[in-house]
Amino acid sequence: MSSSDAPLPAGPVDFTVDLTGHEMTRRAHVMAALGADWDPVAALRGEEEAYDMLYSGLDDEQQRLYDSLVAAGVLPRR
């Protein structure tokens, strides 16, 4: 019987993978892709403006549906 023919364990086996190094590399690549001129405050402001435009000018039925989604907690209250 060779070592590759060893019996399988009867129960769960601890298995750990440390992805810390990979995560730091991924974050470095994301920041490099965003570029040195990326402004997170401006990006968030732009998102808020986009949401304001998205939910403006709703007709009565759309507004009723929007209000019900906000009341149900599906959409955040604005």
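The values are calculated or read from the model by the stated rules, or taken from the named source; none is laboratory data. What you see is a predicted model; the values in this text were computed from it and never measured. Note: ideal-geometry Cβ built from the backbone for every residue, glycine included; neighbour counts use all protein chains shown. Surface areas here come from the heavy atoms of the whole protein model, side chains and all, with no ligands, DNA or RNA. Shrake-Rupley method; radii C 1.70, N 1.55, O 1.52, S 1.80 Å.
Ignoring ligands, DNA and RNA, what accessible area per residue does the chain give at 1.4 Å, in Å²?
Accessible surface, normalised per residue, equals 91 Å².
Nearest 0.05, what FRET efficiency do S56 and A36 give at R0 = 30 Å with Cβ-Cβ as r?
It comes out at approximately 0.30.
Can you give the calculated 222 nm mean residue ellipticity of the chain, where each DSSP H run of n ≥ 4 adds -39,500 (n - 2.57) and the sum is split over every residue, rounded to the nearest 500 deg cm²/dmol?
Rounded to the nearest 500, it is -17500 deg cm²/dmol.
Run the Debye formula on the Cα coordinates of the range 38-78, all scatterers equal and no solvent, and tell me log10 I(q)/I(0) at q = 0.19, 0.21 1/Å.
Relative scattering, expressed as log10 I(q)/I(0), comes to -0.63, -0.71.
Taking the chain as the reference, fit the longest principal axis to its C-alpha atoms, fit the long axis of helix 60-71 to the helix C-alpha atoms, and give the angle between the two in degrees, 0 to 90, nearest 10.
Value to nearest ten degrees: 40.
Taking Cα atoms, how many degrees apart are the long axis of helix 40-54 and the longest axis of the chain, rounded to 10 and kept between 0 and 90?
60
Positive end of the dipole of the chain, charges at C-beta (+1 Lys, Arg; -1 Asp, Glu), about the Cα centre: which of M24, S56, G73 has its Cα farthest in that direction?
M24
Taking the Cα atoms of the chain, report the difference between the largest and smallest coordinate on each principal axis, in whole Å and largest first.
The Cα atoms of the chain stretch 77, 39, 15 Å along the principal axes, largest first.
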